[in-house]
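**Q** The structure is given below, and queries will be raised subsequently.
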Amino acid sequence: MKKIIPLFFVFLSLQLSSSAPTLKIALMKYRGGGDWYANPTALPNLIKFCNQNINTNITPEPETVEAGSPDLFNYPFIHMTGHGNVIFNDQEAENLRNYLVGGGFLHISDNYGMDVYVRKAIKKIFPELELVELPFQHPVYHQKFNFSNGLPKIHEHDKKPAQGFGILYEGRLVVFYDYECDLGDGWENPEVHKDPEEKRQQALQMGANLLQFAFTN
């Protein structure tokens, strides 16, 4: 199994100058029919925000990686989104589990309509664990930016509160799932969804918290 970038190396990259080795993050491509490619401007905007505000040195354009690929282990942070079905076969589920147990981090943003499918897919990766709602005191909400009330509400879907769920493996948060929030939409170019700038900034700040947490925990 390929080893993930050591987390101490990733942490150092937050502290060093622009001459430090460049990091890459990736968008996950999955099977099932869901539009994994939704929000094409989201990750580039988040990367730019993080490079400017939390001193990361991430390649400006994200890469794409398939759930079952050994290349998964090249990325300390994987983002996943969409509106529909998600399917992982046995090999993909095992690969994702090895990646997450080995130090990787998966952020899933429900772009509306994938909740029922995501929960089944995560259960295939971690059959022994449950998605749990994270308390507002969890460190993921208190990195560079402070979110004392948990996830910001970016888009209305079913008029429910935004919730942040997680998979905790041996006490470490390895999967963060934003539900009824839509962080990914909030990262997109302003003209795409015409969100108020305040909402876009909240989404980008929470995204920066996720990256900072993934890189240092």
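Each value in this text was obtained by applying a stated rule to the coordinates, not by laboratory testing. Being a predicted model, the structure only gives us computed values, none of them experimental. Every residue, glycine among them, receives a Cβ derived from its backbone with ideal geometry; neighbour counts consider all protein chains shown.
**Q** Would you please state the base-10 log of I(q)/I(0) at q = 0.14, 0.17 1/Å for the stretch 140-214, with intensities from the Debye formula using one equal scatterer on every alpha carbon?
**A** Reported log10 I(q)/I(0), two decimals: -0.43, -0.63.
**Q** When the convex hull of the C-alpha atoms of the chain is computed, what volume per residue in Å³ does it have?
**A** Convex hull volume per residue, Cα atoms: 111 Å³.
**Q** Something else now. Once Rh is set to the Kirkwood radius over Cα pairs, what Stokes-Einstein translational diffusion coefficient, in µm²/s, holds for the stretch 102-141 at a temperature of 37 °C and a viscosity of 0.692 mPa s? Mind showing how you got there, number by number?
**A** Working: Rh = 12.0 Å.
Roughly 273 µm²/s, to the nearest whole number.
**Q** Tally Lys and Arg at +1 and Asp and Glu at -1 over the other residues with C-beta under 14 Å from the C-beta of Leu27: what net charge comes out?
**A** -4
**Q** Could I ask something else about it? On full extension of the chain, what length is gained from Thr216 through Lys48, given 0.36 nm per residue of separation minus the C-alpha to C-alpha distance? Don't jump to the answer; show the numbers that get you there.
**A** Working: separation 168, 0.36 × 168 = 60.48 nm, distance 1.90 nm.
58.6 nm is the gain from fully extending Thr216 to Lys48.
**Q** Roughly how far apart, in whole Å, are the Cα centres of the stretch 96-150 and the stretch 151-217?
**A** If we compute the Cα centre of each part, the gap is 11 Å.
**Q** Cα-based count: Lys pairs in the chain below 18 Å, eight or more positions apart or different chains?
**A** Value for the chain: 12.
**Q** In deg cm²/dmol and to the nearest 500, what is the mean residue ellipticity at 222 nm of the chain if only DSSP H runs of at least 4 residues count, each as -39500 (n - 2.57), divided by the residue total? Intermediate results must be reported in sequence, preceding the final value.
**A** Numbers: 7 runs with 73 residues, N = 217.
That comes out to -10000 deg cm²/dmol.
**Q** On a full-extension model of 0.36 nm per residue, what is the gain between Asp71 and Leu168, subtracting their alpha-carbon distance, rounded to one decimal in nm?
**A** Taking Asp71 through Leu168 to full extension adds about 32.6 nm, to one decimal.
**Q** A further question follows. Compute, for the chain, the length of the dipole vector about the Cα centre, with Cβ point charges of +1 (Lys, Arg) and -1 (Asp, Glu) only. Units Debye, rounded to 20.
**A** Roughly 440 debye for the chain.
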